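The values are calculated or read from the model by the stated rules, or taken from the named source; none is laboratory data. Bear in mind the structure is a predicted one, so any value in this text is a computation, not a measurement. Backbone-built Cβ (ideal geometry, glycine too); neighbour counts: all protein chains shown.
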Amino acid sequence: MHRAALFGTILLAFPLVGCDLLTPGAPADHDVLAGTIEGMTPSQVRQHLAGDAEFGRVFTVADGLGPIFVAASCEQCHAGDGKGHPVFNLRRFGRPGTSAFDPMIEFGGPQLQHRAIPGYPPEEVPVEATGVSGFTPPAVTGLGFLDAVEDQTLIDLADPSDEDGDGISGRLQLHEPSELIETVLELERRGTPDPEARGRRVGGRYIGRFGKKGLTVNLLHQTVGAYHQDMGVTSDLLPEDLFNPSAGARASDDAPDPEVTSAAVGNVVFYLKTLKAPARRDASDPEVVAGEALFEDIGCTGCHVPTLTTGASEIEVLDRVTFHPYTDLLLHDMGPGLDDGYTEGRASTSEWRTPPLWGIGLAQEFQGGQGFFMHDGRATSLAEAIEVHGGEGRAARDAFIALSPEERSRLIRFLESL
Amino acid sequence: MTRLVPVALLLSLPAVVGAQADSTLAQEGVYDRPFIGSVSSTSIGGYVEGNTNYFVEDGVTEGFSMELRRFNVFLFSQVSQRVRFLSELEFEHGTEEIALETALIDFQIAPSLVLRGGIILPPLGYLNQNHDSPRWDFVERPLVTTGIIPSTLSEVGFGVYGKFVTRGLVLSYDAYLTNGLGDAVVGNELGRTNIPSGKGEELFAEDNNGSPAFSGRLAARQPSRGEIGVSYYGGYYNSFRVEGEEVDRRRWLEILALDAGGTVGPAEVRAEIARAAIAIPPGMSEIFGDRQWGGYLDVLVPVWRPGLLGYADAVVTAGLRLERVDYNVGTFSSTGGDIGDEVTAIVPGVSLRPTSGTVFRINYRYHWTTDMQGNEPAKRAGFQLGFATYF
């Protein structure tokens with residue numbers, strides 16, 4: 001009897017004693033991209049978590065997925081909030097028009113939705129398209145900082161005529177006013193401490209800052225666009241469903257619109273705004289420090305601007321904060337090698353918005369262990385990514401190639417530390 | 001004399017349920033329940049199962065939680081000499097899910113030929129017809145039996161089963177036609193091919209495509225060693241026909257399973273492996289897998305017979321389960337890399353059975369979940385304490 005009691009006691013005590021020893025610990029903060037900005041209030045954390053749940057929500061056919069789509073949830077493309085896998089690459093297509101680039105709306109352009117709900121035909125790139133570009137999903141971490149940068153900062157960084165003579169111009173992406181753009185900017189201005197600092201017109205147009213070519217003006221614009229174009233999910237701001245023109249005009253799914261509530265969209269935007277900035281690893285390692293100096297010496301910082309500062313923000317942790325994204329959010333000509341013949345807004349087909357480099361050292365952790373870099377994932381190493389730079393990046397690329405193997409290694413170590 | 005026949009039939013059923021490795025045919029699982037052996041015509045019984053969980057995933061925990069996972073009520077009736085009825089009403093997670101899991105009628109022409117109809121349990125693998133929690137020494141059902149074989153799979157249909165005895169072997173067969181699974185195998189809330197999502201209450205009333213699914217199992221049992229079975233389930237799952245018009249291509253789903261269980265030295269061993277092939281709409285390929293497989297191996301060794309509190313047959317058993325499922329077999333066409341979406345788990349545990357129909361169990365579970373992209377697996381581990389008993 002005593003043996004039995006002893007046995008039972010040991011058995012029941014085992015889980016209590018073993019909880020910490022036998023359960024997996026959390027990865028180091030600098031090894032993950034998910035997480036909140038430090039210093040948020042409990043209510044902000046609660047809203048962030050609500051947005052996190054929406055970000056992970058898988059849309060079903062009954063929920064309104066599709067009828068044509070690329071992914072069934074935000075998280076499928078942005079696993080772990082990191083850079084996405086090429087299986088979720090967006091494909092966009094178009095052709096030169098008479099006065100501007102033709103996004104081929106009548107063919108279902110500019111974005112291809114190559115997946116479809118059962119019984120509905122997925123889209124195919126029309127043979128008439130002359131330009132097709134793949135867009136690998138970017139990391140979404142730290143986006144709130146980029147969103148909170150004032151328009152004036154971007155205007156000041158732009159150097160379209162290369163007046164400083166460094167061979168790097170940098171142009172603002174500018175969009176003609178539209179009902180959607182003006183609505184998302186107006187909604188953003190509400191509650192913002194300095195409403196005049198965002199949504200400024202430059203030559204009567206609005207500045208685009210998110211997307212490979214700066215297609216969207218803020219995170220709300222980006223979010224409703226992604227719901228619509230990537231998942232086929234309608235919202236209050238984009239209430240009309242996608243359809244495949246080959247299935248018949250306006251032939252769509254059976255789910256009532258809007259298929260996602262404005263509250264859910266708001267929570268996702270808040271989630272994106274309050275994801276932490278990627279943390280550095282080994283930043284003080286001498287090799288990394290030396291690599292950072294080389295990064296600046298060979299001219300990479302001409303586009304990949306290390307430091308920016310946010311403007312006034314209603315979210316305290318984003319209010320006038322200095323951060324290090326390694327981007328200027330401007331368009332740059334990247335040469336014929338990166339010209340896919342496709343474009344958006346006023347960008348030329350060879351112009352791309354400088355992608356932030358923060359978090360790039362963790363990219364492959366979210367891409368199945370293999371890195372896929374550049375806008376379409378064509379480069380499988382950081383060195384290869386540098387080597388495909390052209391146009392305004394050509395001088396820096398040539399300088400990188402001219403470095404000794406040890407110096408190149410240091411520069412790569414620095415990038416891996418971001 | 002006629003009155004004695006039902007009693008004789010009942011006496012021929014196993015009167016006492018065994019532990020995880022049973023001593024009866026898998027085919028007889030639905031009648032291998034203790035409440036049946038104690039009555040002459042109609043009886044009520046069931047089982048209850050509850051447990052507590054404490055899990056940590058990559059350092060994050062929701063803390064302890066407790067659940068009354070299942071409360072199932074059986075009703076059995078020996079309607080007449082050759083007709084018997086069995087039903088099972090399940091309350092899962094309290095009253096969150098209530099389902100009529102079984103409601104079948106058997107008409108026995110001979111032991112080698114029994115007609116069965118109603119809400120049946122298709123004979124796919126071992127667990128589906130032997131899913132009662134008190135039979136099992138682990139808290140969770142094996143992943144392959146819930147993620148690929150969608151246990152508990154109950155469908156409306158009819159068919160035949162029977163057994164033969166020859167040269168010391170008991171050979172059994174089962175063959176049924178049922179309404180089959182539905183459209184949500186794809187386009188479901190998991191964002192991947194998920195066969196269990198194809199189950200639906202509406203399929204108890206009407207087939208979604210007018211084309212029945214077939215399920216069948218062949219098994220051989222040597223009483224002193226154990227049983228081995230091979231089973232198959234196949235059918236169109238999508239609503240390809242509406243109002244008599246074909247509106248989509250017919251998409252076939254099939255599952256092939258192999259199960260084995262028996263005694264090896266001091267150990268009771270059970271294993272199942274299943275492979276599924278699913279026709280996927282062309283617009284959903286890669287992220288919705290067209291092939292899946294999974295399997296588990298349970299090894300149980302009685303380590304102590306303590307004679308607790310007057311239970312002379314009480315036994316403490318140590319067990320180990322190894323399991324793995326791959327929900328999307330294949331490679332990405334864009335990169336050539338392997339598609340992930342896999343779970344691997346190891347589950348050591350200890351159980352105490354004061355009697356054969358009651359089990360207290362404690363499990364430590366560690367599993368690795370790889371996402372579709374094949375990223376570093378999420379690690380989840382924790383403890384489960386649970387109980388289950390027939391009543």
- Inspect all residues belonging to region B:112-120 and state whether any of them is crowded, with 24+ Cβ neighbours inside 10 Å and of a type in the set (Ser, Thr, Tyr). no
- Message: Among (1) in a loop (DSSP other than H, G, I, E, B); (2) modelled with pLDDT of 95 or more; (3) in contact with a Gly (Cβ under 7 Å, 6 or more places away or on another chain), there is one condition A:Leu242 misses while meeting the rest; what is its number?
- Response: (2)
- Message: Condition check: surrounded by fewer than 17 Cβ atoms within 10 Å (Cβ to Cβ) and within 30 Å of A:Gln76 (Cβ to Cβ). Does B:Thr331 satisfy that?
- Response: yes
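Out of all the residues in region A:403-411, is one or more of a type in the set (Lys, Arg) and free of Cβ contacts under 8 Å to residues at least 12 places away in the same chain?
no
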- Note on the structure: Counting only residues in region B:197-232 that are within 14 Å of chain A (Cβ to nearest Cβ) and in a helix (DSSP H, G or I), the one surrounded by the most Cβ atoms within 10 Å (Cβ to Cβ) is identified as B:Gly198
- Near pairs, Cβ below 6 angstrom, 6+ apart or cross-chain, from region A:43-63 (within 12 Å of chain B (Cβ to nearest Cβ)) to any residue that is of a type in the set (Val, Ile, Thr) and surrounded by 13 or more Cβ atoms within 10 Å (Cβ to Cβ): A:Phe59/A:Val233; A:Val61/A:Ile117
- Item | Residue count for region B:76-102, restricted to those that are surrounded by fewer than 14 Cβ atoms within 10 Å (Cβ to Cβ), part of a strand (DSSP E or B) and not aliphatic (A, V, I, L, M) | 1
- Can you run down the residue pairs with Cβ atoms below 7 Å, 6 or more apart or on separate chains, where the first is in region A:115-127 and under 18 Å from B:Val185 (Cα atoms) and the partner is in a loop (DSSP other than H, G, I, E, B) and small (Gly, Ala, Ser)? A:Ala116/A:Gly66; A:Ile117/A:Gly66; A:Ile117/B:Gly187; A:Pro118/B:Gly187; A:Tyr120/A:Gly66
- Assess whether B:Ala318 counts as being within 14 Å of another protein chain (Cβ to nearest Cβ), among the small types (Gly, Ala, Ser) and part of a loop (DSSP other than H, G, I, E, B). no
- Test set (1) within 8 Å of chain B (Cβ to nearest Cβ); (2) modelled with pLDDT of 90 or more; (3) not in a helix (DSSP H, G or I) - A:Leu22 fails condition number: (2)
- Name the pairs whose Cβ atoms lie under 6 Å apart, with the first residue in region B:177-193 and within 17 Å of B:Gln292 (Cα to Cα) and more than 7 Å from every other protein chain (Cβ to nearest Cβ), the second of a type in the set (Ser, Thr, Tyr) and crowded, with 23+ Cβ neighbours inside 10 Å, and 6 or more positions between them or separate chains? B:Leu181/B:Tyr237; B:Val185/B:Tyr237; B:Arg192/B:Tyr327
- Message: Name the residue that is nearest to the other protein chains (Cβ to nearest Cβ), counting only residues in region B:259-314 that are among the small types (Gly, Ala, Ser), under 27 Å from B:Gly226 (Cβ atoms) and not in a strand (DSSP E or B).
- Response: B:Ala314
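Just to be sure before I move on: is B:Ser65 within 14 Å of another protein chain (Cβ to nearest Cβ) and surrounded by fewer than 16 Cβ atoms within 10 Å (Cβ to Cβ) in the structure I sent?
When the stated conditions are applied, B:Ser65 passes them.
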- Item | Pairs with Cβ under 8 Å, 6+ apart, first in region A:173-196 and over 21 Å from A:Ala347 (Cβ atoms), second in a loop (DSSP other than H, G, I, E, B) and polar (S, T, N, Q) | A:Glu188/A:Asn218; A:Thr192/A:Ser313; A:Pro193/A:Ser313
- Query: Under the condition of being among the aliphatic types (A, V, I, L, M) and assigned to a loop (DSSP other than H, G, I, E, B), which residue from region A:347-397 is farthest from the other protein chains (Cβ to nearest Cβ)?
  - Reply: A:Ala347
- Residue in region B:368-376 that is at the interface with chain A (Cβ under 9 Å from one of its Cβ atoms), in contact with a helix residue (DSSP H, G or I) (Cβ under 7 Å, 6 or more places away or on another chain) and buried (at least 22 other Cβ atoms within 10 Å of the Cβ) present: yes
- Taking B:Tyr311 as meeting all but one of (1) closer than 30 Å to A:Gly377 by Cβ; (2) aromatic (Phe, Trp, Tyr); (3) surrounded by fewer than 20 Cβ atoms within 10 Å (Cβ to Cβ), write down the number of the exception. (1)
- Task: Could you tell me whether region A:78-92 includes any residue that is part of a loop (DSSP other than H, G, I, E, B), more than 7 Å from every other protein chain (Cβ to nearest Cβ) and basic (Lys, Arg)?
- Result: yes
- Condition broken by A:Gly109, with the remaining ones in (1) farther than 24 Å from A:Phe372 by Cα; (2) outside any loop (DSSP other than H, G, I, E, B) satisfied: (2)
- Message: I'd like to verify a number: residues in region B:25-49 that are at pLDDT 90 or above and either surrounded by fewer than 17 Cβ atoms within 10 Å (Cβ to Cβ) or within 14 Å of another protein chain (Cβ to nearest Cβ) (or both), how many?
- Response: 1
